[in-house]
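Asks: For reference, the structure I am asking about is given below.
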Amino acid sequence: ISAHVKPVKWLFPIRRLTSCLGVAVLCGVYFVSIPVIAAEAEDEEIVTTVRMAISSGDLDGARSEIKQFVQLHGQTAAALEALSWLARAELGAGALNAAFEAARQTLKSADILLKQRKLDAEPHLPMAVGAAYEVQSQVLDRRNQKSEAVLLLQTALRRCANTSISPR
């Protein structure tokens, strides 16, 4: 630009507007990305939180954490994995009815998720489903219902053929 040419005053506001739009677009990208990343972190956090509560012997606290998480975020694969950890803990504590019910609820909710996705789409759901079958079969075994336990595992094996659960 020559020293004799005066800058056009209206260019500055356009540059400022372009700059603001650029920030708005960038902010829009962050607003889209942050909830996705936050949701993944919350999914991981529910499993960790429940396992910590269980390790300190607070099964009621673990149950409460799962309930609160599901109310806020809906039923996710990670919530089901957390519920399966609760089922394992209840089995370990000798609460057979509670363990069987938590495992049953895990499988029932997993069936709903499996209508929309594959079992091995991510690691939480296969962990939850496998653990739920394991807990239910162990409860049946402890109740001296061995043939029912074997039948349950055979059904699970057929149902989960060609998934990561099958080799386990």
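Asks: What's the number of the condition I165 fails, among (1) in a helix (DSSP H, G or I); (2) in contact with a Pro (Cβ under 7 Å, 6 or more places away or on another chain); (3) aliphatic (A, V, I, L, M)?
Replies: Unmet condition: (1).
Asks: Search the stretch 69-94 for residues being open to solvent by 60 Å² or more (accessible area, probe 1.4 Å) and free of Cβ contacts under 8 Å to residues at least 24 places away in the same chain, and hand back the single one that is farthest from Q138 (Cα to Cα).
Replies: L72
Asks: Taking the stated definitions as given, is Q145 at pLDDT 95 or above and either over 19 Å from the mean Cα position of the chain (by Cα) or β-branched (V, I, T) (or both)?
Replies: Here the answer is yes, as Q145 does meet what is asked.
The values are calculated or read from the model by the stated rules, or taken from the named source; none is laboratory data. Since the model is a prediction, treat every value here as computed from it, not as a measurement. Neighbour counts run over all protein chains shown; Cβ positions are idealised from the backbone, glycine included. To get the accessible areas, we keep the full protein, side chains included, count just its heavy atoms, and leave off ligands, DNA and RNA. Shrake-Rupley method; radii C 1.70, N 1.55, O 1.52, S 1.80 Å.
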